[in-house]
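What follows is a single structure, written as structure tokens, with notes after it.
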Amino acid sequence: MQESTLRIMARIDAFYLEDPCSGSRRMVGDLARDGIPISRDRVRNLMRRMGLRAIYQKPRTTVPGAPSERFPCLVDVRTVTAVDQVWATDITYICPVSTTWAAALHHSFVTHFN
């Protein structure tokens, strides 16, 4: 990798540490103010190569419906009198940050339940 590219990547990393909400558009402006003319596509590719993504509020796709559309709780909690009388499940997706983290999670899950 060229030394100039490494310098640009170091500046991108420094700007990202200052403000992790900045994406490639804002990063191009920051680099231009620093005297580094660069295209947005190159900044986007370098950020992707470095594993940097802007932090922003994602759209809410699971907005709860009206109360009439919700399913009622079918378990009367007052009638539960023994252990293991009522069970519940939940499906939660956890996006692994890295493969090492996912492997550690899988190992702890398998070790715990086997």
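The values are calculated or read from the model by the stated rules, or taken from the named source; none is laboratory data. All figures in this text were calculated on a predicted structure; none of them were measured in a lab. Note that each Cβ is placed from the backbone with ideal geometry, even for glycine, and that neighbours are counted across all protein chains shown.
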- Message: Considering only residues that are among the hydrophobic types (A, V, I, L, M, F, W, C), out of contact with any helix residue (DSSP H, G or I) (no Cβ under 7 Å at 6 or more places or on another chain) and touching a residue at least 12 places away in the same chain (Cβ under 8 Å), which ones fall in the stretch 51-63?
- Response: Ala54, Ile55
- Item | Check on His112, surrounded by 10 or more Cβ atoms within 10 Å (Cβ to Cβ) and modelled with pLDDT under 80 | no
- Pairs under 8 Å by beta carbon, first residue outside any helix (DSSP H, G or I) in the stretch 30-50, partner small (Gly, Ala, Ser), six or more apart or different chains? Ile38/Ala32
- Within the stretch 4-28, restricting to residues that are under 20 Å from the mean Cα position of the chain (by Cα) and polar (S, T, N, Q), the one that is farthest from Asn45 (Cα to Cα) is Ser22
- Residue that is surrounded by the fewest Cβ atoms within 10 Å (Cβ to Cβ), among those in the stretch 54-108 that are among the small types (Gly, Ala, Ser) and modelled with pLDDT under 70: Ser68
